[in-house]
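First the structure, in the form of structure tokens, and then the observations on it.
The values are calculated or read from the model by the stated rules, or taken from the named source; none is laboratory data. Remember, predicted model here, so these are calculated numbers, not experimental data. No Cβ is skipped: glycine too gets one built from the backbone with ideal geometry, and neighbour counts run over all protein chains shown. Heads up: the accessible areas ignore ligands, DNA and RNA and are worked out on the full protein's heavy atoms, side chains in. Shrake-Rupley method; radii C 1.70, N 1.55, O 1.52, S 1.80 Å.
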Amino acid sequence: MTEVVYRAPAKVNLGLRCSSRRPDGYHNLITVFMAVALADTLTCTPLAGRVEVDVSGEGANLIPTDGSDLTGRAATLLRDRFGDPGMGARLVVDKAIPVAGGMAGGSADAAAALRACNDLWDLGVSEPDLMNLAADLGADVPFALLGGVALGVGRGDVLTPQPVRGTYHWVFALARHGLSTPEVFAKYDEMSHGDHDAAELDDLIEVLTSGDASLLGAQLINDLTPAAVTLRPEIGETLAFGAALPGVVGSVLSGSGPTCAFLCDTEKAADNAAARLPELPQVASTRVADGPVGGAGHRSRD
Ligand code: C5P
């Protein structure tokens, strides 16, 4: 194969319930992910014996291009476990997902790189083996491969796909500066006292089959919100402003933030909310995207 082009969709956590830090530094989570049609594009071509990454688009300058980023590491890990040292690839990422935005853009690119290099190098690595490599790369990478809607437990990487009806219309308010995920989790530890279990998300999972955006909107929840708002108070303003816009039926911090996600009852309401949110100085831009869509390398609706 001479060139593989794959889409790498972002995710939003519809619900994220967090418990205390584990000995390995991660937190046990109960989360429900949805993959959305806001995607980076990965173009992968063969290169003898080495992995090279080239990133373009917004925030590209924040990503190292020496192969040490998650995308390069994904390709190298696949080659080391299943290929041979002569294999290499040039991975060109065109970013649309905000960098350090809480939408797992880096994980999406890594998942796309696993699939793309598997095809490019004709390795025939199975889906379960790709999932294991994904989990070694990071907590969000397995879901990025899977896509759709899934319940995640453990670090968020032990996944069960969930049935879902309908298409949901989202607006994402992008911040001017990213937030560090480890910093948000550290602030969460500081603010939450004692050991506690993550609450279940059964009600959220149940309304997913209703196809009713307002029922889902009422169930959106993210335990990392107080920590992110403490680090960036304007996130609280963005969430409140967006929630009050016409046709917005739910609002939630996306992952560890700072991106804020707004669920709308129609596509038109999403377009209107996307036009209004940049009235806030902290909102750099907005993106409208439907979900759910398939994972990295699968066809998506748009
Ligand atoms: O796995 P990944 O590199 O995406 O995680 C980034 C960081 O986010 C971890 O090093 C950890 O600080 C935090 N994290 C966590 N618990 C999770 C997922 C991520 O504490 N379940």
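Do you know which residues across region 1-31 are over 22 Å from residue 100 (Cβ atoms), among the β-branched types (Val, Ile, Thr) and part of a strand (DSSP E or B)? Correct list: 4, 5, 30. Of the residues making up region 59-82, those that are more than 18 Å from residue 11 (Cβ to Cβ) and either surrounded by fewer than 16 Cβ atoms within 10 Å (Cβ to Cβ) or among the small types (Gly, Ala, Ser) (or both) are 60, 61, 62, 64, 66, 67, 68, 72, 75, 80, 81.
Only a single item in (1) open to solvent by 50 Å² or more (accessible area, probe 1.4 Å); (2) under 17 Å from residue 130 (Cβ atoms) is not met by residue 85, and it is number (2). Filtered by the rule that a residue be modelled with pLDDT of 95 or more, open to solvent by 40 Å² or more (accessible area, probe 1.4 Å) and either within 16 Å of the ligand (Cβ to nearest atom) or in a helix (DSSP H, G or I) (or both), region 188-220 gives 202, 203, 206, 214, 215. Of all residues in region 161-187, those that are of a type in the set (Lys, Arg) and either in contact with a His (Cβ under 9 Å, 6 or more places away or on another chain) or open to solvent by less than 60 Å² (accessible area, probe 1.4 Å) (or both) total 1. Taking region 136-150 on its own, how many of its residues are surrounded by 21 or more Cβ atoms within 10 Å (Cβ to Cβ) and either over 16 Å from the mean Cα position of the chain (by Cα) or more than 10 Å from the ligand (Cβ to nearest atom) (or both)? Final tally of qualifying residues: 8. Can you spot a residue in region 76-98 that is farther than 22 Å from residue 293 by Cα, within 15 Å of the ligand (Cβ to nearest atom) and either modelled with pLDDT of 95 or more or not basic (Lys, Arg) (or both)? Yes, some residue in region 76-98 is farther than 22 Å from residue 293 by Cα, within 15 Å of the ligand (Cβ to nearest atom) and either modelled with pLDDT of 95 or more or not basic (Lys, Arg) (or both). Counting only residues that are free of Cβ contacts under 8 Å to residues at least 40 places away in the same chain and touching a Pro at 6+ places or on another chain (Cβ under 8 Å), region 105-133 holds 1 of them. Of the residues making up region 281-290, none is among the basic types (Lys, Arg), open to solvent by 20 Å² or more (accessible area, probe 1.4 Å), over 18 Å from the mean Cα position of the chain (by Cα) and over 19 Å from residue 164 (Cβ atoms).
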